[in-house]
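Below is one structure, written out as structure tokens; comments come after it.
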Amino acid sequence: MTGIIGAMPEEVAMFKDSMEISGTVEYARMTFYRGVLKGQDVVLLHSGVGKVNAAIGTQIMIDRFDVQQILFTGLAGSLVPYLSRGDVVVSNYVVQYDFDLTAFGRRHGELPNTGRMIEADPRLVKFTCFGFDDIFKYEKDSPKLVVGTIVSGDRFVSDKRKIEWLQREFGAVATEMEGAAVGYTCFLNDVPFVVLRTISDSADDEAASDFEQSLHNASENSFRIVSSILEVMSYRSEVAE
Ligand code: ADE
């Protein structure tokens, strides 16, 4: 079983419409849709925005649905000039940038015992790249795909100084509000995960309106890629070893 999580209803709407739903269950005021998408058993969740929602949803998925892997899908703000709206970011690492024990001499984002950077599953990162290539390789004006660090915090970033800090402090390429919470929960439970995000904005003054304008198209982009990953998983597993 593959878990698919998105934060906002718009980010999971196309999954819901495209999968054969065999049942829905509610836990913690969250609705989990069980079914089949592209021939794979999946459980889909719209977790709600932010790290706490994402962590709760992820833990429930792991406990109640016996997921073998989790894909987190949605939108992100770009932190680098070479990524713009419609481009795609795949996590190799995720960090909770707003976790702060610097008063005790730790680095920003560093948790006692578990460290700072949580590594996404390299096999899922490869599958995501294959899934992307299968869709866009021969398309004119294809978006870019970049594998890099994604930082998460309970804040919608729309501030130039914050962008610079996130980029320099963490070497991050994109920011959002859930990925590192999913990653951390998966890490504690030994469940492979990857975060895949389409860029909706540049985390600057225009970010809120860019985000709203991008929501539909960027969600569709992420949906197409996740669907393609599921297809790739069924026939290219040996390639990713
Ligand atoms: N998700 C998409 N854009 C974002 C931003 N600028 N900050 C936080 N989360 C986002």
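Just so you know, all these numbers are worked out from the coordinates, no wet-lab data involved. Everything numeric here is computed off the predicted structure, so don't read it as measured data. As a convention, Cβ positions derive from the backbone with ideal geometry for all residues, glycine included, and neighbour counts pool all protein chains shown.
Given the conditions (1) of a type in the set (D, E, K, R); (2) within 17 Å of the chain's Cα centre (by Cα); (3) within 14 Å of the ligand (Cβ to nearest atom), report the number of the one that K144 does not fulfil.
(3)
Among the residues in region 105-115, are any surrounded by 14 or more Cβ atoms within 10 Å (Cβ to Cβ), assigned to a loop (DSSP other than H, G, I, E, B), within 16 Å of the ligand (Cβ to nearest atom) and of a type outside the set (D, E)?
yes
Pull up region 196-211, narrow it to residues that are outside any loop (DSSP other than H, G, I, E, B) and within 18 Å of the chain's Cα centre (by Cα), then point me to the one that is farthest from the ligand (Cβ to nearest atom). Full working, then the answer.
Step one: list which residues in region 196-211 are outside any loop (DSSP other than H, G, I, E, B), which gives 196-201, 207-211.
Filter once more, keeping what is within 18 Å of the chain's Cα centre (by Cα): 196-201, 211.
On the way: L196: 13, R197: 8, T198: 9, I199: 8, S200: 5, D201: 5, F211: 5 Å.
Going through the qualifying residues, I end up with L196.
Yes/no matrix, rows are residues, columns are (1) touching a helix residue (DSSP H, G or I) at 6+ places or on another chain (Cβ under 6 Å); (2) assigned to a loop (DSSP other than H, G, I, E, B); (3) polar (S, T, N, Q):
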site: R123; (1), (2), (3): yes, no, no
site: T128; (1), (2), (3): yes, no, yes
site: G131; (1), (2), (3): yes, no, no
site: Y138; (1), (2), (3): no, yes, no
site: V146; (1), (2), (3): no, no, no
site: I150; (1), (2), (3): yes, no, no
site: F156; (1), (2), (3): no, yes, no
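Can you pull out the residues in region 6-30 that are closer than 25 Å to K51 by Cβ, without any contact (Cβ under 8 Å) to a residue 60 or more places away in the chain and part of a helix (DSSP H, G or I)?
Initial filter on region 6-30 (closer than 25 Å to K51 by Cβ): 6-16, 24-30.
Filter again for without any contact (Cβ under 8 Å) to a residue 60 or more places away in the chain, leaving 9, 16, 24-30.
Within region 6-30, P9, K16 qualify.
Condition check ((1) in contact (Cβ under 8 Å) with a residue 12 or more places away in the chain; (2) of a type outside the set (G, A, S)) across all residues:
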{"position": "E139", "(1), (2)": "no, yes"}
{"position": "L145", "(1), (2)": "yes, yes"}
{"position": "D159", "(1), (2)": "yes, yes"}
{"position": "E164", "(1), (2)": "no, yes"}
{"position": "G171", "(1), (2)": "yes, no"}
{"position": "F187", "(1), (2)": "yes, yes"}
{"position": "V191", "(1), (2)": "yes, yes"}
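Could you tell me whether any residue of region 116-130 is within 16 Å of the ligand (Cβ to nearest atom) and crowded, with 16+ Cβ neighbours inside 10 Å? Full working, then the answer.
Let us first name the residues in region 116-130 that are within 16 Å of the ligand (Cβ to nearest atom), namely none.
No, region 116-130 contains no residue that is within 16 Å of the ligand (Cβ to nearest atom) and crowded, with 16+ Cβ neighbours inside 10 Å.
Please work out which one of (1) away from the ligand (no atom under 13 Å from the Cβ); (2) part of a helix (DSSP H, G or I) is the condition L166 fails and give its number.
All conditions pass for L166, except number (1).
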